[in-house]
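Enquirer: Quick one: this structure, given as structure tokens, is what I'll be asking you about.
The values are calculated or read from the model by the stated rules, or taken from the named source; none is laboratory data. None of these values were measured; they are calculated from a predicted model. In this analysis, Cβ positions are derived from the backbone assuming ideal geometry, glycine residues included, and neighbour counts consider all displayed protein chains.
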Amino acid sequence: MIADLLLVNGRFSTLDRSNPDPRAVAISDGRFIGVGAEQDMRALAGPTTAIVDLGGRRVIPGLIDSHMHIIRGGLNYNMELRWDGVRSLAQAMEML
């Protein structure tokens with residue numbers, strides 16, 4: 001299978017003990033078709049494959065949904081339990 005997209009020169013969190021430190025991924029039709037060494041993933045590239053150099057950045061695919069509802073966040077910011085500045089588990093438990 002030929003990849004539509006290669007992400008190379010990255011640090012990927014896979015939680016896969018058999019592949020703990022992959023440096024590249026290959027993606028086709030929105031699905032991962034390969035995860036591993038950059039050289040191995042480049043073998044899945046074709047003439048139209050887009051290649052993105054991540055410059056050594058960390059990638060955590062599919063594990064974090066980092067959106068927020070800005071209106072709710074603004075209205076309730078001071079009414080919710082806030083964890084910024086908490087220095088210990090004991091302090092966190094005291095807050096709860």
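Enquirer: Answer with yes or no whether Gly62 is loosely packed, with under 12 Cβ neighbours inside 10 Å, in a loop (DSSP other than H, G, I, E, B) and at pLDDT below 95.
Expert: Details: loosely packed, with under 12 Cβ neighbours inside 10 Å: yes; in a loop (DSSP other than H, G, I, E, B): yes; at pLDDT below 95: yes.
Yes: the conditions hold for Gly62.
Enquirer: Search the stretch 36-51 for residues that are modelled with pLDDT of 95 or more and pair each with any residue that is of a type in the set (D, E, K, R) and surrounded by 11 or more Cβ atoms within 10 Å (Cβ to Cβ) when their beta-carbon atoms are under 7 Å apart and the residues are at least 6 apart or on different chains.
Expert: These pairs meet every condition: Ala37/Arg23; Glu38/Arg23; Thr49/Asp4; Ala50/Asp4.
Enquirer: While we're here: Out of the residues in the stretch 12-26 that are within 13 Å of the chain's Cα centre (by Cα) and assigned to a strand (DSSP E or B), state the one that is modelled with the lowest pLDDT.
Expert: Phe12
Enquirer: Can you tell me which condition Arg82 does not meet? The list is (1) farther than 30 Å from Asp16 by Cα; (2) surrounded by 10 or more Cβ atoms within 10 Å (Cβ to Cβ); (3) modelled with pLDDT of 75 or more; (4) under 25 Å from the mean Cα position of the chain (by Cα), and all the others hold.
Expert: Among (1) farther than 30 Å from Asp16 by Cα; (2) surrounded by 10 or more Cβ atoms within 10 Å (Cβ to Cβ); (3) modelled with pLDDT of 75 or more; (4) under 25 Å from the mean Cα position of the chain (by Cα), Arg82 violates only (3).
Enquirer: Do you know which residues across the stretch 27-54 are in a loop (DSSP other than H, G, I, E, B) and over 23 Å from Leu15 (Cβ atoms)?
Expert: Just the residues of the stretch 27-54 that are in a loop (DSSP other than H, G, I, E, B), to begin with: 29-30, 37, 43-44, 54.
The answer is Asp29, Ala43.
Enquirer: Give all pairs with beta carbons closer than 7 Å in which a residue from the stretch 1-26 that is within 16 Å of Gly46 (Cβ to Cβ) meets a residue that is aromatic (Phe, Trp, Tyr) and part of a strand (DSSP E or B); count only pairs at least 6 apart in sequence or on separate chains.
Expert: Listed by first residue and then by second, the contacts come to Val25/Phe12; Val25/Phe32.
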